[in-house]
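The values are calculated or read from the model by the stated rules, or taken from the named source; none is laboratory data. Note that this is a predicted model, so its numbers are computed, not measured. Backbone-built Cβ (ideal geometry, glycine too); neighbour counts: all protein chains shown. The accessibility values were calculated without ligands, DNA or RNA, using every heavy atom of the protein model including side chains. Shrake-Rupley method; radii C 1.70, N 1.55, O 1.52, S 1.80 Å.
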Amino acid sequence: MRISILTIAFSALLLADSLAVEPSEILDDPRHESRARELSKALRCVVCQNQSIDDSDAALARDMRILVRERITAGDSNEEVLDYVVLRYGDFVLLKPPFKKTTLVLWLGPILMFGMALLGALLFFRRQKSATSLMKCDPSAELDETERKRLNALLGGQKK
Amino acid sequence: MKQRAIFILPLIVFCIIGFYLAKGLTLDPKKMPSMLDGKPVPTFSLPPIKGRDNNGFSQNHLLDKVALVNIFGSWCVACRIEHPFLMQLSELSNTPIHGINWREENPDSGPEWLKRHGDPYEFVGDDPRSKAAIAFGVTGAPETFLVDQEGIIRYKHVGPLDLQTWRGILWPLIQKLSHKNIPRGTL
């Protein structure tokens, strides 16, 4: 029983990591291959759009994986390979959007929102603290002259 | 009063974010920006498809006349819909159409398809491994590029080409690019 559960768990693990890369695509140089895998994971499949070309079984994704490997073998750096693809398909093809002028809101928006929330919370707790400290003042203390005058003025109308 | 105003702030922020998110929902994610407009055609060199005795298709064929480059495949249903219009265009206009026969698993399929439905192309290259298709930034078939006489890509049309696109966009552009009035013919 235990073995069968283990088998199922293990095969589930294998499935979770299943890739679209076919054995014939894999490069002989393991360093090149690992760079190709890394780049493939960063590139969006333009047919299925929410998968990387490393995950996708689409024919075009396969051809793009091969292209990435060809360019690596030809001596391109990682940046050069990505530039080649971005030049043709736009920033959209990168699964991680680049940090630049048009994506400022995307990258800085969450930090800005967090800052605003933090500021709001700070103000809120500060106010609450000053409110509780007011309530804590000594009730047995006598009023001084100015306070008595003010109290009288406030109660003046009702005193009759 | 000043303290009240601060309570409206989150609502305003929410409305602004909501507006842009709602706008995002109306965009078509399949519509990708055309990156190569105004850029020279990529370097590519494709062998001819079976049964055609010219020298295939490369960027050198795109340097003397304003021309259309059409990406097609026998497996592509929308290409079948587009094809009669390309046939008409090749007969009735003098803008050359070149073809990139994309991703044929069987090298006979493309030529057979053209034999059956007609061949509107001047040059056709065989691109089974998406070499030229990726160089052009193609995401699906059919796609059509308008390339001027200097080899600069001027327009990219995604999906089947039709009379409306031809009359509304391509024809006016071709006239502007060739700096002269060429009769439109009956199209």
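For the subset of the range A:54-83 comprising residues that are more than 15 Å from A:HIS32 (Cβ to Cβ), more than 9 Å from chain B (Cβ to nearest Cβ) and without any contact (Cβ under 8 Å) to a residue 24 or more places away in the chain, which member is least open to solvent (accessible area, probe 1.4 Å)?
So the residue we want is A:ALA58.
Of the residues that make up the range B:22-43, is at least one within 14 Å of chain A (Cβ to nearest Cβ) and part of a helix (DSSP H, G or I)?
For the range B:22-43, residues within 14 Å of chain A (Cβ to nearest Cβ) and part of a helix (DSSP H, G or I): present.
Check the range A:110-121 and report whether any residue there is open to solvent by less than 70 Å² (accessible area, probe 1.4 Å) and under 18 Å from the mean Cα position of the chain (by Cα).
Yes, there is a match, as at least one residue in the range A:110-121 is open to solvent by less than 70 Å² (accessible area, probe 1.4 Å) and under 18 Å from the mean Cα position of the chain (by Cα).
Taking the range A:91-105 as the search range and keeping residues that are out of contact with any strand residue (DSSP E or B) (no Cβ under 8 Å at 6 or more places or on another chain) and within 11 Å of chain B (Cβ to nearest Cβ), which one is surrounded by the fewest Cβ atoms within 10 Å (Cβ to Cβ)?
Applying the filter and picking the extreme gives A:VAL105.
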